[in-house]
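Below you'll find the structure, written out as structure tokens, and then a few comments.
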Amino acid sequence: MSDDFLDNESHEPKGITFDFKGFLFKILNLWKVVFVSVGLALIIAYFINVRKQNVYKMESLISIESEQNSFFTSTTSISFNWGGVSGKVSKVMTSLKTRTHNEKVVDSLKFFMEYLVQGKYRLVDVYTNAPFEVIIDCDLPQILNAPIQLTYIDQNTFELSFDFKTSNVPVQYYNETKKKGEIAVSPGIFTQTFRFGQTIRLPFFNATVVSKPGQSIKPGSTYFVRFSNFDSVVSHYQNSIKVDTYSKNSQSVLVLSLTGHNKKRLVDYLNATSVILSRSELNRKNLYATNTIKFIDSTLSTVNNDLKAVTDEMNNFRKNNKVFDVSAEMQQVSERLKNYERDKEQENIKLNYLDALENYLRTKTDYTKIAAPSSVGIAETNILNSVSKITALAIERQNLEYTTKEGNVLFKDLDRQIDAEKNVLLETIKSTKEIINVSLSTINRSIAQMQAMLSTLPEDQQEFLKIQRKLDISQEAYNLFQAKRSEAAIIKAASVSDIVVIDEAKDIGGGLIGPNKSLNYMMALMIGFFLPMFLIFVIFLLDTTIHGSDEVERLSRIPIIGLIGKYRYQNNLVVFEKPKSAVAESFRAIRSSIQFLLYKLDKENGKTIMITSSVSGEGKTFCSINIATAYALSGKKTILLGLDLRKPKIFDDFNLSNERGIVNYFIGDSDFKSVVSNTHIDNLDVVTSGPVPPNPSELLMSPKLNSLIEDLKKTYDIIILDTPPLGLVTDALELSKYADVTLFMVRLDYTKKGMLQLVNAKQKAGELKNIHFVLNFYKHKTNQNYGYGYGYGYGYGYGYGVYGNAYHEQEKKSLWYKVKRFVKEKL
């Protein structure tokens, strides 16, 4: 037998690789699934979009300045450290994110309380659009996280109601303590009527509801009031507010932004945070001036008391003594003595300040309350600079406590700087005190000289001049401190905050940033498309079954001889009982193709055709019966041998008994003529398998089979061998030597791809010769792996196997059958 037809040596079969073309056709075949998936995803995106609340973003601009007070000039006697508090933009950015700052803002705006109305999908915040205002009693508890319902009865009264699910509810006091707790209530629905403006005292709600003027509300209108955990609200805004520099060229200009669902609420929060920040920064900036004014006030009080005492002393002296004149020379001496005594007083004030400052530095840890040294006339540059630096560092450390835990390395660094500056200041104070003491010694000697010159005067005149000097000195000291206090107060009053609002937050109709409906639809489109694509890819990748003729071509060079469509019938005699069916036409096409192959063999006598498959259930017996019938109906004397000794089947379709068969002939229990059965089909004889033997392989290797085949070739034109599956047992390989043509059944959507590799190996090794594939359960529209086109080539080329239904009997299909078939085809 020639192998030119197969040309197997020059055409190696391809291995099992990824079939991109098949995957593409699979997707095209399941386009409706992808379409439905995309549709469902878009529907879900639509419902998400309509249910989501709008998200807005509002912004405001502030500027961070670092300037001196407008009244501070080179002639001002008191110096303040203006730049130490708000000189750095980073400090302001940090302050805006601190809990302390946001607590002040939330508390000032009462943002822990919400006014709500029932929307289509949820409670909606109406904020200032509510027709009433709730003035709460901060010292009494309010129920947390539960909406209290207010229903208008008329313009003057309303009904307050609440449904208690449990016997205990959480409450919070919104005073300075912000204490939380629980109160006992009676489970069930609480309702009570109140008048607007009436004070409400309930265990869970303590407030006064005031109707806004000019509001006309329809009776039955329902609103809700809800109180939230103060700390949670503060934390929300603390994390939500964003602070950034306006541009690289404008580092001192900050952009404050906030996102949320209610634009008015966002606007009020941004504007309030700017006002409170400006106020806080001004208070911190004026802290140095405030401490100085306090120090001057305390000193001024002492000086005032001294002035009153000296004035009283002078008045008493004048009452008890006559008025007299002092010589001009003695007046000059007294004036000089007064100047010395005034200088001594000033030096003593400086010395007392330095003693107090030294003691303060050694005993205190809060250095933010130091008064300005210049307030007592100290002009030592080192002392002024050191006090300013220590105060600035102390305020910086105080600011850091709002955002950083104690023990952080930043605290250690600031403490080292403060200690270093403090040590320098203590040394400077020590040297300055020494200089002042030297100056006092000089002044005391001059005072002694002046007093010695005045000692020549009468005693009453000496006393008068002494009291006069004390009075003048006290008056001058009082005037000096009074002037310094006025100067400090003017500077403080004229100072402005370094925080300047450039552009307030304002609702001008824009600001919508979400939800991003277009993005949601795009995501839905992508998910709806790629998810089924991924599932199809996974299913396709894990699928090891054969689905189309192109896969068979790709996996093997063995030719396809015919295609058999799926046909439901009560038995396997389709060619005989349904001769006009498409399946019957397919078997006649296969018969024609086999005849062409047998003609090329150029052999006399009968021809042997072996039909096998990889596993059971692929249509091997069905094909054997109908090919045998097709040959018999064509006038060929045909015999069908049931050589599947392990699982015999062919007897039932011909209404034959399987009690005696070819097994009985092999074991010598019967002669061959007694096991041959004539069928109701002309020219067709059948030999059933008979009882299942314990050694089927050994029986098929019996010499009797060889002689039997030779004898049958003399009697019959066509011998059909129905054999066991090739992929399960070796029986078919033993029988292949008798076959002139071997037909291997491939059932689409059932046969595994790996089985074709087994057939390729057997064919290449020469164990199977002149082998051809027959595709069973073929569906023309799903050829080419779920596509079109190749089926017609095989249909017409091999004898009109699948050329349509115009010439065939139409089988009536039920609606349920059509639905099941559609689902199976698509999945």
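The values are calculated or read from the model by the stated rules, or taken from the named source; none is laboratory data. The shown structure was predicted, so the numbers you read here are calculated from the model rather than taken from an experiment. Please note: Cβ atoms are built from the backbone with ideal geometry, for glycine as well, and neighbour counts cover all protein chains shown. We work out accessible area using only protein heavy atoms, side chains counted, and drop any ligands, DNA or RNA first. Shrake-Rupley method; radii C 1.70, N 1.55, O 1.52, S 1.80 Å.
Of note:
- Where Leu641 falls short, out of the listed (1) under 20 Å from Val675 (Cβ atoms); (2) in contact with a helix residue (DSSP H, G or I) (Cβ under 6 Å, 6 or more places away or on another chain): (2)
- Among the residues of the range 372-420, those that are touching a Ser or Thr at 6+ places or on another chain (Cβ under 7 Å), assigned to a helix (DSSP H, G or I) and closer than 21 Å to Thr299 by Cβ comprise Ser374, Ser375, Ile383, Leu384, Thr391.
- Among the conditions (1) among the polar types (S, T, N, Q); (2) farther than 23 Å from Glu710 by Cα; (3) outside any loop (DSSP other than H, G, I, E, B), Asn658 misses just one, which is (3).
- Options Phe576, Phe596; residue that is modelled with pLDDT under 90, aromatic (Phe, Trp, Tyr) and in contact with a Ser or Thr (Cβ under 7 Å, 6 or more places away or on another chain): Phe576
- Of the residues making up the range 306-320, one or more are in contact with a Ser or Thr (Cβ under 6 Å, 6 or more places away or on another chain) and modelled with pLDDT of 75 or more.
- Hey, Arg568 surrounded by 17 or more Cβ atoms within 10 Å (Cβ to Cβ), basic (Lys, Arg), over 23 Å from Ala732 (Cβ atoms) and out of contact with any Gly (no Cβ under 8 Å at 6 or more places or on another chain) or not: no
- Of all the numbered requirements in (1) open to solvent by less than 70 Å² (accessible area, probe 1.4 Å); (2) at pLDDT 85 or above; (3) among the basic types (Lys, Arg), Arg397 misses one, and that requirement is (2).
- Check on Asp507, in a loop (DSSP other than H, G, I, E, B) and either modelled with pLDDT under 85 or within 28 Å of Glu65 (Cα to Cα) (or both): yes
- Single unsatisfied condition, Phe324 versus (1) at pLDDT below 75; (2) of a type outside the set (Asp, Glu); (3) loosely packed, with under 13 Cβ neighbours inside 10 Å; (4) assigned to a helix (DSSP H, G or I): (4)
- Among residues of the range 663-680, those that are surrounded by 16 or more Cβ atoms within 10 Å (Cβ to Cβ) and outside any helix (DSSP H, G or I), counted: 4
- For the range 631-661, a residue qualifies if it is crowded, with 21+ Cβ neighbours inside 10 Å and closer than 19 Å to Ser613 by Cβ, and the qualifying residues are Leu640, Leu641, Gly642, Leu643, Asp644, Leu645, Pro648, Ile650.
- When the range 681-696 is limited to residues that are polar (S, T, N, Q) and either open to solvent by less than 10 Å² (accessible area, probe 1.4 Å) or in contact (Cβ under 8 Å) with a residue 12 or more places away in the chain (or both), the one that is farthest from Glu577 (Cα to Cα) turns out to be Ser689.
- In the range 580-589, the residues that are part of a loop (DSSP other than H, G, I, E, B) and either basic (Lys, Arg) or without any contact (Cβ under 8 Å) to a residue 24 or more places away in the chain (or both): Lys580
- Within the range 578-622, being under 16 Å from Phe744 (Cα atoms), within 60 Å of the chain's Cα centre (by Cα) and open to solvent by less than 10 Å² (accessible area, probe 1.4 Å) holds for Ser586, Thr612, Ser613, Ser614, Glu618.
- Residue within the range 729-748 that is surrounded by fewer than 19 Cβ atoms within 10 Å (Cβ to Cβ), modelled with pLDDT under 85 and either in contact with a strand residue (DSSP E or B) (Cβ under 7 Å, 6 or more places away or on another chain) or not in a helix (DSSP H, G or I) (or both) present: yes
- Residues (of a type in the set (Lys, Arg) and either open to solvent by less than 80 Å² (accessible area, probe 1.4 Å) or over 22 Å from Phe112 (Cβ atoms) (or both)) located in the range 166-194: Lys178
- Number of residues in the range 480-534 that are open to solvent by 20 Å² or more (accessible area, probe 1.4 Å), under 24 Å from the mean Cα position of the chain (by Cα) and not basic (Lys, Arg): the value is 18.
- Matching residues, the range 544-564, being in contact with a strand residue (DSSP E or B) (Cβ under 7 Å, 6 or more places away or on another chain), over 17 Å from Ser592 (Cα atoms) and not in a loop (DSSP other than H, G, I, E, B): Thr545, Ser549, Val552
- Among the conditions (1) part of a strand (DSSP E or B); (2) crowded, with 20+ Cβ neighbours inside 10 Å, the only one that Ala628 does not satisfy is (1).
- Residue that is under 34 Å from the mean Cα position of the chain (by Cα), open to solvent by less than 20 Å² (accessible area, probe 1.4 Å), over 30 Å from Ile296 (Cα atoms) and modelled with pLDDT of 90 or more, where the choices are Phe111, Phe132: Phe111
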